[in-house]
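The values are calculated or read from the model by the stated rules, or taken from the named source; none is laboratory data. Please read these numbers as outputs of a predicted model, since none were measured by experiment. So basically every Cβ, Gly included, is an ideal-geometry build from the backbone, and we count neighbours across all protein chains shown.
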Amino acid sequence: MDELHLAAAGIAVTVDLRVGHIADLVIDHTGKRLRPLHRAPWADEAGAELESLGGGLRYLSGDFLCAPFSASDVEPAPPHGWTASSRWTVETTEKLPDGMRARLKLARRIMGATVEKILTLRDGHPFLYQEHVFHGGEGAIPVAHHAMTVMRDGGRLSFSPKRLALTPDVPLEPDPARGRYRLVYPARSDDLHAFPSLSGPTDLADYRTGRRTEDFVMLVEAGHAGPGWTAVARRAERDLVLVLKNPADLPVTMLWLSDGGRDYAPWNGRHLGVLGIEDGRTAVGHAASLGDNPLRREGVATSFALAPEGRVAFRQVIGGIWLDNGAAAPSHLSVAGETLTAGFADGKTLASPFDGAFLASPPAV
């Protein structure tokens, strides 16, 4: 079996078990069908050149767990680790009183740890609730989710409070023969709406298509009550993509702005309008996350410590709701009990069923 299909009332998810990626997420909300996640254009194509790619890139889609994030330069593994590039098995599927739950297990061990993926869907909730658990192991592991959405005509972003944004030392595509970028590397700003770019200050909350560039920037959560979140109001799709986390577990949100900025295979300038929303506890690379790095110098945790008898767990939520006006992102989100409310600058609000206890669990240990 190469796919897991899990469904509850109004929502369904497909997992590519070859690599553990969320291949599709379908949400029926107020009579509209939403697909908030992105699947790479080559993921379902055939060809020897594609088959030679690593599994994570070959079937790039939706969301997946990176352990480690970026370079696997401590324990041998592909980029983003075996969690993103090798097989997961379905341990159980369970009918809940109000939904469905599946438990998956990574076929390989990471730093000696067994890795479990727990997916929960609840009837009438336009959200996928995810938990990952590391059982045992030794050393330390940086982790990140790798959620991706796509926009035909750009959109507006908003975030839970962030205290700074910074780029790494080197851009994703420094060679102009292979691709392009527009942000400054390295750079740092406490104003997300005026981040340094090659053409002057740029607004990270404004995703415009057609720039043909590839960029990466890290946002550090500020201290605040409530969940960490990213909201993407997709203009053409007329919906609101939501990604939520517990910032005590995942203090960094990395934005991957991928809009035709890579000219070589399999990208070939056709990976357009994609935004990665990558919530993590990591720097860029395993070794860098364990040593001195810009995030640690800002007081940000960039790995989890593993122990032979220990348990590390962290959670994330992905969802989508319909917007009558797809041009505006919310100014704030609030969670009370079983309701998530998005508030907008014009005073309007949108409410949705939401498991308010899911992200309020104690921080991972």
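Pairing residues of the stretch 112-133 that are more than 20 Å from Glu309 (Cβ to Cβ) with residues that are in a loop (DSSP other than H, G, I, E, B), at Cβ distances under 6 Å and at least 6 apart in sequence or on separate chains, gives Arg122/Asp98; Asp123/Ala9; Asp123/Asp98; Gly124/Ala9; Gly124/Gly10; Tyr129/Phe358. Taking each residue of the stretch 292-312 that is within 18 Å of Asp190 (Cα to Cα) and looking for partners that are in a loop (DSSP other than H, G, I, E, B) and hydroxyl-bearing (Ser, Thr, Tyr) with beta-carbon atoms closer than 6 Å, six or more apart or interchain, yields Leu295/Thr302; Arg296/Thr302.
Of Ala288, Ala248, which residue is under 30 Å from Ala328 (Cα atoms) and either hydrophobic (A, V, I, L, M, F, W, C) or assigned to a strand (DSSP E or B) (or both)?
Working: Ala288 fails: under 30 Å from Ala328 (Cα atoms).
Being under 30 Å from Ala328 (Cα atoms) and either hydrophobic (A, V, I, L, M, F, W, C) or assigned to a strand (DSSP E or B) (or both) holds for just one of Ala288, Ala248, which is Ala248.
For the stretch 81-98, filtering for residues that are buried (at least 21 other Cβ atoms within 10 Å of the Cβ) and either among the polar types (S, T, N, Q) or part of a strand (DSSP E or B) (or both) leaves 3.
Scanning the stretch 336-358 for residues that are surrounded by fewer than 20 Cβ atoms within 10 Å (Cβ to Cβ) and in a strand (DSSP E or B) yields Ala336, Thr339, Thr341, Gly343, Thr349, Leu350, Ala351, Pro353.
Total residues in the stretch 209-230 satisfying the condition of being hydrophobic (A, V, I, L, M, F, W, C), within 19 Å of Phe354 (Cα to Cα) and surrounded by fewer than 24 Cβ atoms within 10 Å (Cβ to Cβ): the figure is 1. In this structure, is Gly112 among the small types (Gly, Ala, Ser), surrounded by 18 or more Cβ atoms within 10 Å (Cβ to Cβ) and under 19 Å from Phe314 (Cβ atoms)? So Gly112 fails the test.
Here Arg103 fulfils each of the conditions (1) surrounded by fewer than 23 Cβ atoms within 10 Å (Cβ to Cβ); (2) under 19 Å from the mean Cα position of the chain (by Cα) apart from (2).
When you scan the stretch 183-223, how many residues do you find that are among the charged types (D, E, K, R) and under 16 Å from Lys162 (Cβ atoms)?
6
Which ranges mark the strands (runs of 3 or more DSSP E) fully within the stretch 2-44 that have 3 or more residues being in contact with a helix residue (DSSP H, G or I) (Cβ under 6 Å, 6 or more places away or on another chain) and modelled with pLDDT under 95? Give the derivation first.
Working: elements: 3-8, 11-16, 21-29, 32-34.
Qualifying strands (runs of 3 or more DSSP E): none found.
Could we say that Leu164 is within 20 Å of Gly273 (Cβ to Cβ) and either of a type in the set (A, V, I, L, M) or more than 21 Å from the chain's Cα centre (by Cα) (or both) here? Here the answer is no, as Leu164 does not meet what is asked.
Out of the residues in the stretch 264-301 that are surrounded by fewer than 18 Cβ atoms within 10 Å (Cβ to Cβ) and among the acidic types (Asp, Glu), state the one that is farthest from the chain's Cα centre (by Cα). Restricting to residues being surrounded by fewer than 18 Cβ atoms within 10 Å (Cβ to Cβ) and among the acidic types (Asp, Glu), the top hit is Asp292.
A search for C-beta distances below 6 Å between a residue of the stretch 176-191 that is under 15 Å from Asp263 (Cβ atoms) and modelled with pLDDT of 95 or more and any residue that is assigned to a strand (DSSP E or B) and of a type outside the set (D, E, K, R), counting only pairs 6+ apart in sequence or on different chains, returns Arg180/Thr213; Tyr181/Thr213. Of the residues making up the stretch 153-172, not one is free of Cβ contacts under 8 Å to residues at least 40 places away in the same chain and within 14 Å of Val243 (Cα to Cα).
Restricted to the stretch 59-96, and to residues there that are without any contact (Cβ under 8 Å) to a residue 40 or more places away in the chain and of a type in the set (D, E, K, R), the residue that is nearest to Glu116 (Cα to Cα) is Glu91.
Of the strands (runs of 3 or more DSSP E) lying entirely inside the stretch 101-189, those containing at least 2 residues that are closer than 22 Å to Ala67 by Cα and polar (S, T, N, Q) are 113-122. Each residue in the stretch 268-282 was checked for being under 18 Å from Gly228 (Cβ atoms) and either outside any strand (DSSP E or B) or charged (D, E, K, R) (or both), and 4 of them qualify.
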